[in-house]
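> Got a structure here, written out as structure tokens. Questions coming.
The values are calculated or read from the model by the stated rules, or taken from the named source; none is laboratory data. Note that this is a predicted model, so its numbers are computed, not measured. Glycine gets a Cβ as well: all are built from the backbone with ideal geometry, and neighbour counts include every protein chain shown. To get the accessible areas, we keep the full protein, side chains included, count just its heavy atoms, and leave off ligands, DNA and RNA. Shrake-Rupley method; radii C 1.70, N 1.55, O 1.52, S 1.80 Å.
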Amino acid sequence: MKRIIITVLCITLTLIASAQPANSRVTQNNAQSNTQQGTTTARPATTTTTRPATTTTTRPATTTTTRPATTTTTRTTTTTTTRPTTAQPSGVTRQTARTTQATAPSVSRASIMFPTAVEVPADVAWRRDIYRELDLTKDANAPLYYPVEPQEGRVNLFTLLFQLLNTGKIPAYTYDTSGLENFNASNRMHFKDMLERYEIPFEVNGNSIKVEPVDVPSNEVLSYFVKESSYYDQHTATYHSRVVALCPVLHRSNGYIDFNSPSMSADVQKSPLFWVKMEDIESYLSQNMVMTSNYNNAATMSMADFFDTNKYKGDIYMTTNMQGKSLAQMVNEAQAAAAMSSSEGEGNNSSSLGEDSGEGNLDPDFSSDFSADFSAGFPSEADSKKALQREQSRIEKEIKDFEEHIWSTPVDSAALARQDSIAAATSKKTKKVSTRATARKTTEKAENSSKKEKAPSSGGNAPRVSVRRERH
């Protein structure tokens, strides 16, 4: 009886052990043909006598070492047909995900921490774009220049821009000969091209470019071109004056020394490097602090606040106009036209030359070709500089007047009524005082005249005349 029970238990365990692989194979190979299903279903019957020993004693070893040998007929088909089809898409998906993650533009932490950088609205009611040149040798703009070399984690503006361009965090755009910014994708500048153009030493390590800190020309960037937009936003009823773009300017000597100058300084050539949009760098400027006072070294602010609060000082060198001319060109043309008209009025030979060059049009080479003939008529360099300063002051006043007149009310009824009431009360008091003074003077005159009449005359026989005043 015991043998029968043991035999039944062994057969039951064998069937259970063989049924689990069969079920797993059936679920995995549900798309196979009927012949393969037949082999999987007949498999347990062929291994009913030998699998119990391997199942009860050495199943872990067979799963790790000898299982491929036991499944030479069906396991191979599943590996070649089903497993590659299930494993290959996952590998391709992972590889595609890595490629997509590498090529996708990363969102910098600086932009997340400083999300308020916005563009100037395009549908504003009034806007005036001007271009300024910031001289970093002046005290007002010195926070953008110092420190020339990195000190305790602090860098100047150009070093910060240089590092951002090297790491590819911000785009830069080529400076056009017209002086206007062009933010099209076709005008985007490559960092390596700038290094080669201005002979800045660098090393290429794979896909990265390494520039030593001593080779960064931060000490030669002595000025910036800044585009400033002053506009009135009718949607929020606010007036703003905001920096839209900036361009660092490199000052380098070409080796020629002017011996006529008292300091014998070398001839310096200005080279604008590139344009960058303020909205692209504002999040990084907010993290870089600068010192704003020579007397209080604890007074600091971020570079973004320095531009937002208009702490910089710069002269206007160009405005956005329909002719696309700089301020110096417009002033020089106006002076040349005035000199031409004055010389024509004096009866010089400029009348015939003006007819040849065309009425109302000024030839750019006219002043150089005929400078000897009209040296007395054309203004000097000092006069041209004064005229340029007057034009700059006029534009500054226009912008300031517009800002002041936005908030001024033409007629304030309350203030006007108050002024009228005060003026009326003052006039009444003045009238009363003047009336009393006039009455007092009249009374004094009458009394004086009556005293004179009452005085005794020299004749003594003259009758006395009394005058009674009647009250009305």
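> Out of (1) under 20 Å from the mean Cα position of the chain (by Cα); (2) in contact (Cβ under 8 Å) with a residue 40 or more places away in the chain, the odd one out for TYR146 is which?
Result: TYR146 passes all but (1).
> Those residues that are loosely packed, with under 13 Cβ neighbours inside 10 Å and of a type in the set (A, V, I, L, M, F, W, C), I need them from the range 314-336; list them, please.
The first filter runs over the range 314-336 and keeps only residues loosely packed, with under 13 Cβ neighbours inside 10 Å, leaving 321-324.
MET322 - this is the single residue of the range 314-336 that is loosely packed, with under 13 Cβ neighbours inside 10 Å and of a type in the set (A, V, I, L, M, F, W, C).
> To continue, here is another question. Name the residues in the range 277-293 that are over 16 Å from VAL155 (Cα atoms) and part of a strand (DSSP E or B), would you?
Applying the first criterion (over 16 Å from VAL155 (Cα atoms)) to the range 277-293 yields 277-280, 293.
Scanning the range 277-293 gives a single hit, LYS277.
> Can you tell me which residue within the range 203-248, out of those that are hydroxyl-bearing (Ser, Thr, Tyr) and either touching a Gly at 6+ places or on another chain (Cβ under 9 Å) or within 29 Å of THR137 (Cβ to Cβ) (or both), is most open to solvent (accessible area, probe 1.4 Å)? It would help to see each step written out before you state the result.
In the first step, residues of the range 203-248 are kept if they are hydroxyl-bearing (Ser, Thr, Tyr); the result is 208, 218, 223-224, 229-232, 236, 238-239, 241.
With either touching a Gly at 6+ places or on another chain (Cβ under 9 Å) or within 29 Å of THR137 (Cβ to Cβ) (or both) added as a condition, the list becomes 218, 223-224, 229-230, 241.
Numbers: SER218: 8, SER223: 3, TYR224: 5, SER229: 0, SER230: 1, SER241: 32 Å².
Among residues in the range 203-248 that are hydroxyl-bearing (Ser, Thr, Tyr) and either touching a Gly at 6+ places or on another chain (Cβ under 9 Å) or within 29 Å of THR137 (Cβ to Cβ) (or both), the one most open to solvent (accessible area, probe 1.4 Å) is SER241.
> Let me ask another. Hey, can you tell me all the residues within the range 301-317 that are more than 18 Å from LYS277 (Cα to Cα) and of a type outside the set (Asp, Glu)? Before the answer, list the steps.
Narrowing the range 301-317 to residues more than 18 Å from LYS277 (Cα to Cα): 301, 311, 313-317.
Across the range 301-317, the qualifying residues are MET301, LYS311, LYS313, GLY314, ILE316, TYR317.
> Could you grab me the full set of residues in the range 390-424 that are modelled with pLDDT of 65 or more, open to solvent by 90 Å² or more (accessible area, probe 1.4 Å) and closer than 30 Å to TRP126 by Cα?
Passing the criteria: ARG390, ARG394, LYS397, LYS400, GLU404, HIS405, TRP407.
> Still on this model: How many residues are open to solvent by less than 30 Å² (accessible area, probe 1.4 Å) and not in a loop (DSSP other than H, G, I, E, B) when one looks only at the range 297-312?
5
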